[in-house]
Amino acid sequence: MVKMTDLNVIDRPNWCPGCGNFGILIALKGAIVELNIEPENVAMISGIGCSGKVPHWIRTYGLHGIHGRALPVATAVKLSNNGLTVFTVGGDGDGYGIGMCHFIHTMRRNIDMTYIVHNNMIYGLTTGQTSPTSEKGVRTKSTPSGVIEVPVNPIALAISAGATFVARSFGGDVKHLQKTIVAAVKHRGLSFVDVFQPCVSFNNVNTYDWYKQRVYDLQAAGHDTTDKIKAFTKSQEWGEHIPIGIFYEVLSPTYEDELPQIKDTPLVKQLIDNIDISGLMDDFT
Amino acid sequence: MAINRLTWKIGGKAGEGIMATGMIFSQSCSRGGLHVYDISEYPSLIKGGHNNLQVRVEDREIFSQVKGVNILIALNKETILLHKGELVNGAGIIYDSSEVIEPKEINDNIRLYPIPFNNIIKEIGVQGIMKNNVALGASIALIDYDFGIVGEVIKDNFKRKGDKIIDENTRAAKAGYDYIKNNFKNDFEYKLEKTGKPGRMVLTGNDAICMGAINAGCKFYAAYPMTPASSILHFMAAQERRFNIVVKHTEDEISAINMAIGAGFTGVRAMTGTSGGGFCLMTEGYGLAGMLEVPVVIILSMRPGPSTGLPTWSEQGDLKFALNASQGDFPRPVLVPGDIEESFYLTQVAFNIAEKYQTPVIVLSDKNLAENHKSTDKFDPKKVTIDRGSYADPADLAASLDTTFFKRYKYTENGISPRTIPGMKKGIYTASSDEHDEEGSISEDIDVRIKMMQKRARKMDTLAKELKQPELVGSQDTDANADADITIIAAGSTKGPIKEAMILLEKEGIKVNFLQIVYLNPFPSEKVAEVLGSAKKTAVVENNFSGQLADIIKEKTGKDVDKRVLKYDGRPFYPEEIFTAIKEVVTHG
């Protein structure tokens, strides 16, 4: 059985004390233990940002790549070895800003992997600029007179782009988050989890208390996760009451299911020293 | 009368089947044991606009196009007006008899073969689109070539489309053939005869790259379409189920290279391909692969820039870009195939270097090499042995602790650290784009930074030691002239016209040597410096504006070449142009 300690590393995370990322890291480890996945069979892929450092603080295989490009990397890791459990972790700037193009295309691709976005509605590592999820009017270092645009709605985007598992959770509620991540990994297909992550250094509006006063659990409220229209309606709720939990889940063939090339053997296990191209050469004569 | 030595050209509007007809002609010649080299020209649009393709045929191996066209198939009047200046004495034009050609428009020494395409098509009851086949058949009759071979090629090419399509195409070609035989005297000056020798492959540099990649065990190809690299994507996609390859047309080139990196990290041989604009988008990922020490092969197929430039034409303007793309210092091996055979073998070498040295490797091609066909002997699939590089010893891994990361970036003498891949027990580590220590953990420590930069750099030193220095060659791949009047230095697809030009120069009594640069990095500084020091005269021949190779030579050796022979109009060199330029250098300095 996999234990929490199997996932521990010697280094301590260098996030700010009280950072919402701590809760996400604990829930992530808890989910891997609960699912009993051997650490060497986990690939943790990230981009750049505070959350991008997660692979360094959990003892699984990891790739800490460049800003906004974790999803393509993760996609290929899964296609190359579909026996692995693949996670992508990143922030709102990484996923909804610079990486938005990959976000939309990954949602419609339905690779069997889990994407967790640490959404703190601010750029933390670059010391406090506006993010794609910053609310209109918020004053930051890069928007001293207030953000002019409206924020993106990741849940609505994911549903409309074709994601087969769309959920939201809260870093301040580790139990709910772990449960959500477990459900996400169990789902066959692309699972997307947007996580409210309080940033104690640069976002003094969306604090632990701010979320605690507003979030309510969709599952406790009896939400029908099979109904795409209802899921979309729920994604529009914002303000005094904000839903967390699974918005939408549907089973549909994964991208890997459509590839006979990897049906029997993952790519990485296929032998390459005896490939015969003589027929191919004949095709050209 | 000239036998087995001619250039055949077909032109018309885009969408009229110019390329397909040219391919049938090339294959028909090759199957008769003749050598072919074809070159196509097309604008960046789909229907309308002028397309043309010319095929040079000889009974010796040929390496490029030459000036002078012997037969022109003009599917429209525009083709005649655009290309009549290329016709040699005694050349013939096959064209639609409904076009009116004024005597003043054409020289007296050009023969005209008007053909009533529409009547013929109506008579035999095939679709109007078959006009190109009627013309093809007519040209076969004119040069008195074996129609049976053409019929076989048509049959093979349209196999998938069914018997009806094969029959229509064959009848159209035969009708054109018969029309010429029945209505004109058999006195055309240029003829082809089959040699009885076995046929060769007719393929492009891109085809060869794909065959090389497949033979090398490439299992993952990700790309975004961009001329002239798109046909690699098409080839790999068409073969993905036959050879168990996952081929992904991605949302952009950024995704393509990051996917290739993901696959390389996971232990799969992975490749991406693009042209300059796409490689601009890939540069950050290129550096990522360098930092993570992940094997990736990148095919960079050049076309003229800057920006969109001339999308469907050829240039070698990205040499310095390939050598310097992405921030910071890291090993950047760059291989430059000069012909179709090298495209096949060097692609395999690129995979070996990528895995052995755990680094991205660029294979630098250009449109001229990527898309033109040449008849080529079958490759030797066993010539390049697969080398997967260094993996961690499972016994060492078993003895390691469960609480630490594996030393994936261990400092070693040759710079190469044995690797692990996801799934390997106790091999766990995180590959980081941040500077990192031996375990892959982020480190900003002075000592770590210095040691890690040096470790990565040592890989390039190790590779440089492994490579053979290039050799000077004579005009027919023979030994070099010891007392050559001039030495030509070049890289990439200019090799073909240079080889042809060398033959022309030697006929004039000019002794010439050729030094081909295959490895742009690690650069063969030693040999190039030696050649520059000893040659009577030197010239670089490059398809770019500034003489990038000459600059690189200067940077690496401190020496200047005597002459930069440059061409940057988007068209490849003709051997005659190189001949004239080199002769000028030799005679007037």
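The values are calculated or read from the model by the stated rules, or taken from the named source; none is laboratory data. These numbers come from a predicted model, not from an experiment. Please note: Cβ atoms are built from the backbone with ideal geometry, for glycine as well, and neighbour counts cover all protein chains shown.
Whenever a residue of segment B:381-393 is farther than 14 Å from B:Glu342 by Cα, its partners that are of a type in the set (Ser, Thr, Tyr) and crowded, with 16+ Cβ neighbours inside 10 Å, lying with C-beta atoms within less than 8 angstrom and at least six residues away or across chains, give the pairs B:Gly389/B:Tyr357; B:Ser390/B:Ser417; B:Tyr391/B:Thr420; B:Ala392/B:Thr420.
Report, by residue number, each residue of segment B:376-412 that is of a type in the set (A, V, I, L, M, F, W, C), part of a helix (DSSP H, G or I) and either under 30 Å from B:Asp461 (Cα atoms) or within 12 Å of chain A (Cβ to nearest Cβ) (or both).
Our first condition is that a residue be of a type in the set (A, V, I, L, M, F, W, C); within segment B:376-412, this holds for B:379, B:384, B:386, B:392, B:395, B:397-399, B:401, B:405-406.
Remaining after also requiring part of a helix (DSSP H, G or I): B:395, B:397-399.
Listed by number, the residues that qualify are B:Ala395, B:Leu397.
Within segment A:12-29, can one find any residue that is out of contact with any strand residue (DSSP E or B) (no Cβ under 8 Å at 6 or more places or on another chain) and within 11 Å of another protein chain (Cβ to nearest Cβ)? Yes, segment A:12-29 has at least one match. Check segment B:223-230 and report whether any residue there is within 21 Å of A:Leu280 (Cα to Cα) and not assigned by TED's automatic domain parsing to the domain that holds B:Ala457. Checked against the condition, which is being within 21 Å of A:Leu280 (Cα to Cα) and not assigned by TED's automatic domain parsing to the domain that holds B:Ala457, segment B:223-230 yields at least one hit.
Okay, residues lined up against (1) among the charged types (D, E, K, R); (2) assigned to a strand (DSSP E or B); (3) touching a residue at least 24 places away in the same chain (Cβ under 8 Å):
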position: B:Leu532; (1), (2), (3): no, no, yes
position: B:Ala539; (1), (2), (3): no, yes, yes
position: B:Asp551; (1), (2), (3): yes, no, yes
position: B:Arg564; (1), (2), (3): yes, yes, yes
position: B:Ile582; (1), (2), (3): no, no, yes
position: B:Thr587; (1), (2), (3): no, no, no
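Considering A:Asp282, A:Asp264, A:Asp276, the condition of being in contact with a Pro (Cβ under 8 Å, 6 or more places away or on another chain), loosely packed, with under 13 Cβ neighbours inside 10 Å and either within 14 Å of chain B (Cβ to nearest Cβ) or of a type in the set (Val, Ile, Thr) (or both) is satisfied by A:Asp276 alone.
Selection of first residues in segment A:33-60 that are more than 7 Å from chain B (Cβ to nearest Cβ) and at positive phi and of second residues that are surrounded by 22 or more Cβ atoms within 10 Å (Cβ to Cβ) and not basic (Lys, Arg), restricted to Cβ pairs under 9 Å at least 6 apart or on distinct chains, gives the following pairs, ordered by first then second residue: A:Gly49/A:Gly90; A:Gly49/A:Gly91; A:Gly49/A:Asp92; A:Gly49/A:Gly93; A:Gly49/A:Asp94; A:Gly49/A:His118; A:Gly49/A:Tyr123; A:Gly49/A:Gly124. Checked against the criterion of being within 11 Å of another protein chain (Cβ to nearest Cβ), in contact with a strand residue (DSSP E or B) (Cβ under 6 Å, 6 or more places away or on another chain) and touching a residue at least 24 places away in the same chain (Cβ under 8 Å), the candidates B:Ala484, B:Ala480, B:Ala431 yield just one match: B:Ala431.
On the basis of being over 17 Å from the mean Cα position of the chain (by Cα), within 14 Å of chain B (Cβ to nearest Cβ) and at pLDDT 95 or above, does A:Tyr255 make the cut? For A:Tyr255, the condition - over 17 Å from the mean Cα position of the chain (by Cα), within 14 Å of chain B (Cβ to nearest Cβ) and at pLDDT 95 or above - is met.
Conditions (1) under 24 Å from A:Gly23 (Cβ atoms); (2) out of contact with any strand residue (DSSP E or B) (no Cβ under 8 Å at 6 or more places or on another chain); (3) at pLDDT below 95; (4) buried (at least 21 other Cβ atoms within 10 Å of the Cβ), marked per residue:
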position: A:Gly99; (1), (2), (3), (4): yes, no, no, yes
position: A:Asn110; (1), (2), (3), (4): no, yes, no, yes
position: A:Ile116; (1), (2), (3), (4): yes, no, no, yes
position: A:Ile122; (1), (2), (3), (4): yes, no, yes, yes
position: A:Gly128; (1), (2), (3), (4): yes, no, yes, no
position: A:Thr133; (1), (2), (3), (4): yes, no, no, yes
position: A:Val152; (1), (2), (3), (4): yes, yes, no, no
position: A:Ala163; (1), (2), (3), (4): yes, no, no, yes
position: A:Phe170; (1), (2), (3), (4): yes, no, no, yes
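Residue count for segment B:199-225 satisfying the condition of being buried (at least 24 other Cβ atoms within 10 Å of the Cβ), at the interface with chain A (Cβ under 7 Å from one of its Cβ atoms) and in a loop (DSSP other than H, G, I, E, B): 1. Whenever a residue of segment B:318-343 is over 15 Å from B:Tyr286 (Cα atoms) and not assigned by TED's automatic domain parsing to the domain that holds B:Cys280, it has no partner that is modelled with pLDDT of 95 or more and surrounded by fewer than 24 Cβ atoms within 10 Å (Cβ to Cβ) lying with C-beta atoms less than 6 angstrom away and at least six residues away or across chains. On inspection, B:Pro360 qualifies as at pLDDT 95 or above, assigned by TED's automatic domain parsing to the domain that holds B:His234 and on the phi < 0 side of the Ramachandran plot. Candidates in segment B:94-111 are the residues that are without any contact (Cβ under 8 Å) to a residue 40 or more places away in the chain and in a strand (DSSP E or B); of these, the one that is farthest from the chain's Cα centre (by Cα) is B:Asp96. Within segment B:359-381, can one find any residue that is within 24 Å of A:Ile10 (Cα to Cα), charged (D, E, K, R) and surrounded by fewer than 18 Cβ atoms within 10 Å (Cβ to Cβ)? No. Residues in segment B:82-130 that are among the hydroxyl-bearing types (Ser, Thr, Tyr) and either touching an Asp or Glu at 6+ places or on another chain (Cβ under 9 Å) or closer than 15 Å to B:Ile180 by Cα (or both): B:Tyr95, B:Ser97, B:Tyr113. Within the set B:Asp387, B:Asp402, B:Asp393, the sole residue that is of a type in the set (Asp, Glu), touching an Asp or Glu at 6+ places or on another chain (Cβ under 8 Å) and within 28 Å of B:Asn352 (Cβ to Cβ) turns out to be B:Asp387. If you go through segment A:69-102 and keep only what is at the interface with chain B (Cβ under 10 Å from one of its Cβ atoms) and hydrophobic (A, V, I, L, M, F, W, C), you end up with A:Ala70, A:Leu71, A:Val73, A:Ala74, A:Ala76, A:Val77, A:Leu79, A:Leu84, A:Val86, A:Ile98, A:Cys101.
Mind telling me which of the residues B:Leu142, B:Leu136, B:Leu87 ends up being more than 24 Å from B:Ala14 (Cα to Cα) and either buried (at least 22 other Cβ atoms within 10 Å of the Cβ) or among the hydroxyl-bearing types (Ser, Thr, Tyr) (or both)? One residue alone meets the criteria, B:Leu142.
Residues are listed down the side, and each one gets a yes or a no for (1) hydrophobic (A, V, I, L, M, F, W, C); (2) modelled with pLDDT of 95 or more:
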{"site": "B:Met460", "(1), (2)": "yes, yes"}
{"site": "B:Ser475", "(1), (2)": "no, no"}
{"site": "B:Asp479", "(1), (2)": "no, no"}
{"site": "B:Asp483", "(1), (2)": "no, no"}
{"site": "B:Gly509", "(1), (2)": "no, no"}
{"site": "B:Ile517", "(1), (2)": "yes, yes"}
{"site": "B:Lys527", "(1), (2)": "no, yes"}
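Among the residues examined, B:Ala260 does not qualify as within 11 Å of another protein chain (Cβ to nearest Cβ), within 17 Å of A:His102 (Cβ to Cβ) and outside any helix (DSSP H, G or I). State whether one or more residues within segment A:251-258 are in a loop (DSSP other than H, G, I, E, B), surrounded by 13 or more Cβ atoms within 10 Å (Cβ to Cβ), touching a strand residue (DSSP E or B) at 6+ places or on another chain (Cβ under 8 Å) and not aliphatic (A, V, I, L, M). No: zero hits. Among the candidates A:Thr88, A:Thr180, the residue that is surrounded by 22 or more Cβ atoms within 10 Å (Cβ to Cβ), assigned to a helix (DSSP H, G or I) and touching a strand residue (DSSP E or B) at 6+ places or on another chain (Cβ under 6 Å) is uniquely A:Thr180.
The set of residues from segment B:276-324 being crowded, with 19+ Cβ neighbours inside 10 Å, in a helix (DSSP H, G or I) and more than 19 Å from the chain's Cα centre (by Cα) comprises B:Met282, B:Glu284, B:Gly285, B:Tyr286, B:Gly287, B:Leu288, B:Ala289, B:Gly290, B:Met291, B:Leu292.
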